[in-house]
1. Regarding residue 153, is this residue in contact with a His (Cβ under 6 Å, 6 or more places away or on another chain) and assigned to a loop (DSSP other than H, G, I, E, B)?
2. Identify all residues within the stretch 121-145 that are within 16 Å of the ligand (Cβ to nearest atom), of a type in the set (D, E, K, R) and part of a loop (DSSP other than H, G, I, E, B); write none if there are none.
3. Mind checking which residues of the stretch 110-128 are open to solvent by less than 10 Å² (accessible area, probe 1.4 Å) and within 14 Å of residue 64 (Cα to Cα)?
4. Looking at the structure I just gave you, is residue 245 touching a residue at least 60 places away in the same chain (Cβ under 8 Å), within 16 Å of the ligand (Cβ to nearest atom) and of a type in the set (Val, Ile, Thr)?
5. Those residues that are modelled with pLDDT of 95 or more and over 21 Å from the mean Cα position of the chain (by Cα), I need them from the stretch 132-154; list them, please.
6. Among the residues of the stretch 104-118, write down those that are closer than 18 Å to residue 76 by Cβ and touching a residue at least 24 places away in the same chain (Cβ under 8 Å).
7. Counting just the residues of the stretch 153-162 that are away from the ligand (no atom under 11 Å from the Cβ) and buried (at least 18 other Cβ atoms within 10 Å of the Cβ), which one comes out farthest from residue 41 (Cα to Cα)?
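The values are calculated or read from the model by the stated rules, or taken from the named source; none is laboratory data. Every value quoted in this text rests on a predicted model; they were computed, and no experiment measured them. Here Cβ is always computed from backbone atoms with ideal geometry, including for glycine, and neighbour counts include all displayed protein chains. All accessible areas refer to the heavy atoms of the entire protein, side chains included, with ligands and DNA or RNA removed. Shrake-Rupley method; radii C 1.70, N 1.55, O 1.52, S 1.80 Å.
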Amino acid sequence: MKYFDINLNLSEDDIALKEAARQFAEEVMRPVAKQLDRMSAEEAVAPDSPLWSFLKKAYSLGYHTLLLPEYYGGLGLSPLQVHMVFEELAWGSFGLALLTTVVCFPFYCICLTNNDELIEKFVKPYCDCKDGSIRGCWAITEPEHGSDVIAVGEDYFSKMKGNMRARLDGDEYVLNGQKSAWVSGGTIATHAMLHLQIDPSKGFYGNGVCIVPLDLPGVSKGKALEKIGQRDLNQGEIYFDDVRIPKDYMFVEPDFYVPILDIILASANLCMASWSVGLARAAFDEALNYCKERVQGGRPLIEHYTTKQRVFDMFARVETARAISRAAMNLNLNISPPHVEYSLVAKTQCTEMAFQNTHDAIQLLGANGLTKEYLTEKLFRDARATLIEDGNNETLSRHGGHILMETYPRGPLDF
Ligand SMILES: Cc1cc2nc3c(=O)[nH]c(=O)nc-3n(C[C@H](O)[C@H](O)[C@H](O)COP(=O)(O)OP(=O)(O)OC[C@H]3O[C@@H](n4cnc5c(N)ncnc54)[C@H](O)[C@@H]3O)c2cc1C
């Protein structure tokens, strides 16, 4: 169902973008997501999978460049527009919304560093790609380092040994190691944005970030990962065995690693928050529609007092989540460096609210809510994963607390 937008200042362009994304989510994403959800992880990426025609359609509409400025060939949307489109896409499918964005993430981050050579070599061809054949991924998590990767400021951050190393050899870096099975889009990506250790003597303060074309000799991939939720989102390991890249592909060296990690974390968490709003709204829609039809006690469920209250609480979560998520996106996509704590507030709160909404939706649908006949079952599984992905919520809150300790209270000039 359509929603009333509390923002009365939307332009005609804003509304058109929102409606187009809504139509794509309903007509293209939902049916494909349902099919992928019921396949094995390997079937979901096989050559005859509906995933490929989905990606082709998404790219042909420019949804793979939502985060990129027009100057480099992206859609050049305002933060509010990005948020509205993300919400709609995730209403269609959280996993596919994420996939359509993570394919862009390495190229988005290259733009943040204003590296003209890499923009020309990697970002422009990506923007021009209309068939889904260039796909990025973000490889930060390692088998031995999950929450650890964002533990900046903790005493162990300066002591950790990475599973992924880079050694300078003349004009090239030689890469060795592996990334975890959780890399979204990992087994289907053509390029990786890779976090790795350059100077082990500094622990993870000695890390860097590079772009790696994944057709280079020495790159191999694991199997697509089976998991409980977001099964329409491909994930898997990537291995690097003496992979050689030009020195210039290392676009973040240790000196700049912590500031760029903050920017990446802030951006990723804004995306997670906005998709969670779409997910929370999808659960609310399912519950409201069902409660208007299902009759118990001689009247539709929605006419019972406790049901009205529960549905209203779900509505309240959607509106609250959207308010904080839009505000954080508007702030942090407009300033540099970002105020990371607001992205963390948005991610942790919106994912918790989305999870609560999917839980309540199942409760309102009763036993039907547990079956594959109803969307609520998939929404619940998808929402469960959001509490962990892109940093589990406890770790993000701890990191947020660390930022408050270091930088609060902010003075007026900080804004
Ligand atoms: C759907 C999904 C998509 C993802 N996409 C990507 C991706 O695109 N790229 C990528 O690189 N990774 C990705 N990840 C990985 C994700 O970022 C990690 O799963 C997450 O950061 C948590 O790491 P972990 O799973 O290793 O858990 P751990 O770090 O092992 O944490 C397990 C538990 O221990 C607790 N814990 C951890 N450290 C501490 C501590 N110091 N003190 C107290 N308690 C602690 C945590 O709170 C948690 O409850 C994805 C994960 C999911 C689920």
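1. On the way: in contact with a His (Cβ under 6 Å, 6 or more places away or on another chain): yes; assigned to a loop (DSSP other than H, G, I, E, B): yes.
It is true that residue 153 is in contact with a His (Cβ under 6 Å, 6 or more places away or on another chain) and assigned to a loop (DSSP other than H, G, I, E, B).
2. 135, 144, listed by residue number.
3. 123, 126, 127
4. Answer is no for this residue.
5. Within the stretch 132-154, just 144 meets the criteria.
6. 104, 105, 107, 108, 109, 110, 111, 112
7. Filtering first and then ranking leaves 160.
So that you can scan it fast, the table gives a plain yes or no per residue for (1) modelled with pLDDT under 95; (2) at positive phi; (3) among the acidic types (Asp, Glu):
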{"site": "63", "(1), (2), (3)": "no, no, no"}
{"site": "73", "(1), (2), (3)": "yes, yes, no"}
{"site": "78", "(1), (2), (3)": "no, no, no"}
{"site": "84", "(1), (2), (3)": "no, no, no"}
{"site": "87", "(1), (2), (3)": "no, no, yes"}
{"site": "94", "(1), (2), (3)": "no, no, no"}
{"site": "97", "(1), (2), (3)": "no, no, no"}
{"site": "113", "(1), (2), (3)": "yes, no, no"}
{"site": "120", "(1), (2), (3)": "no, no, yes"}
